[in-house]
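J.: What follows is a structure written as structure tokens; I'll ask about it next.
The values are calculated or read from the model by the stated rules, or taken from the named source; none is laboratory data. Not measured: the values here are computed from a predicted model. No Cβ is skipped: glycine too gets one built from the backbone with ideal geometry, and neighbour counts run over all protein chains shown.
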Amino acid sequence: MTTEYRLIGPNRFGLELVTRAVTKGGNYGLNDCLTHDEADPLVEFYSRDTFGPGEHQFISRYRLSTLADLLESILNLDGGVEQWEASGYQVDIAIRHAQRQADAA
């Protein structure tokens with residue numbers, strides 16, 4: 001399933017980041033046209049400030065197993081936009097959110 005967006009707070013540039021977990025059977029991609037069919041959840045990151053409250057710009061997507069190796073590391077979400085980075089704390093929140101959603105699915 002696909003979970004609701006969860007605010008993970010501002011990064012060091014003041015950019016509000018949002019995460020969303022996509023577990024097996026959940027939809028993702030442009031207009032949610034793809035269905036995730038693996039047990040390893042996807043963790044998506046969005047910029048909240050780009051369009052305003054309630055509207056988020058997709059930045060990047062990772063498998064939960066990949067992020068688990070990056071715990072407590074700063075994660076550059078897009079090499080072309082310096083402000084699109086998540087702190088170790090934000091990555092930790094995103095990981096825990098995805099793990100809880102996977103356990104609930």
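J.: Here are GLU82, GLU72, GLU55: which of them is touching a Gly at 6+ places or on another chain (Cβ under 6 Å), of a type in the set (Asp, Glu) and modelled with pLDDT under 95? If you could, list the steps in order and put the result at the bottom.
T.: Working: GLU82 fails: touching a Gly at 6+ places or on another chain (Cβ under 6 Å); GLU55 fails: touching a Gly at 6+ places or on another chain (Cβ under 6 Å).
None of the others qualify; the one that does is GLU72.
J.: If ALA98 passes every condition in (1) touching a Phe, Trp or Tyr at 6+ places or on another chain (Cβ under 8 Å); (2) modelled with pLDDT of 90 or more but one, which one does it miss?
T.: Of (1) touching a Phe, Trp or Tyr at 6+ places or on another chain (Cβ under 8 Å); (2) modelled with pLDDT of 90 or more, only one is false for ALA98: (1).
J.: If a residue has to be more than 15 Å from ASN11 (Cα to Cα), charged (D, E, K, R) and not in a strand (DSSP E or B) to count, how many in the stretch 54-75 make the cut? Let's see the steps before the verdict.
T.: Taking the stretch 54-75 as the starting set, the residues that turn out to be more than 15 Å from ASN11 (Cα to Cα) are 54-58, 60-71.
Those left that are additionally charged (D, E, K, R): 55, 61, 63, 69.
This time we only want the ones that are not in a strand (DSSP E or B), so: 55, 69.
Residues that pass the stated criteria total 2.
J.: Of all residues being in a loop (DSSP other than H, G, I, E, B) and among the β-branched types (Val, Ile, Thr) in the stretch 1-50, which is nearest to LEU67 (Cα to Cα)? Just the residue, please.
T.: Of the stretch 1-50, the ones in a loop (DSSP other than H, G, I, E, B) are 1, 3-5, 11-15, 23-26, 29, 33, 36-41, 48-50.
Restricting the remaining residues to those that are among the β-branched types (Val, Ile, Thr) gives 3, 23, 50.
Numbers: THR3: 18, THR23: 15, THR50: 24 Å.
Per the stated criteria, the residue is THR23.
J.: Can you tell me which of ASN27, ASN31 is touching a Leu at 6+ places or on another chain (Cβ under 8 Å) and loosely packed, with under 14 Cβ neighbours inside 10 Å?
T.: Numbers: ASN31 fails: touching a Leu at 6+ places or on another chain (Cβ under 8 Å).
Criteria check complete, one pass: ASN27.
J.: Still on this model: Among the residues of the stretch 78-86, is any under 11 Å from the mean Cα position of the chain (by Cα), buried (at least 20 other Cβ atoms within 10 Å of the Cβ) and part of a helix (DSSP H, G or I)?
T.: The first filter runs over the stretch 78-86 and keeps only residues under 11 Å from the mean Cα position of the chain (by Cα), leaving 86.
Okay, now just the ones that are also buried (at least 20 other Cβ atoms within 10 Å of the Cβ), so 86.
Okay, now just the ones that are also part of a helix (DSSP H, G or I), so none.
No, the stretch 78-86 contains no residue that is under 11 Å from the mean Cα position of the chain (by Cα), buried (at least 20 other Cβ atoms within 10 Å of the Cβ) and part of a helix (DSSP H, G or I).
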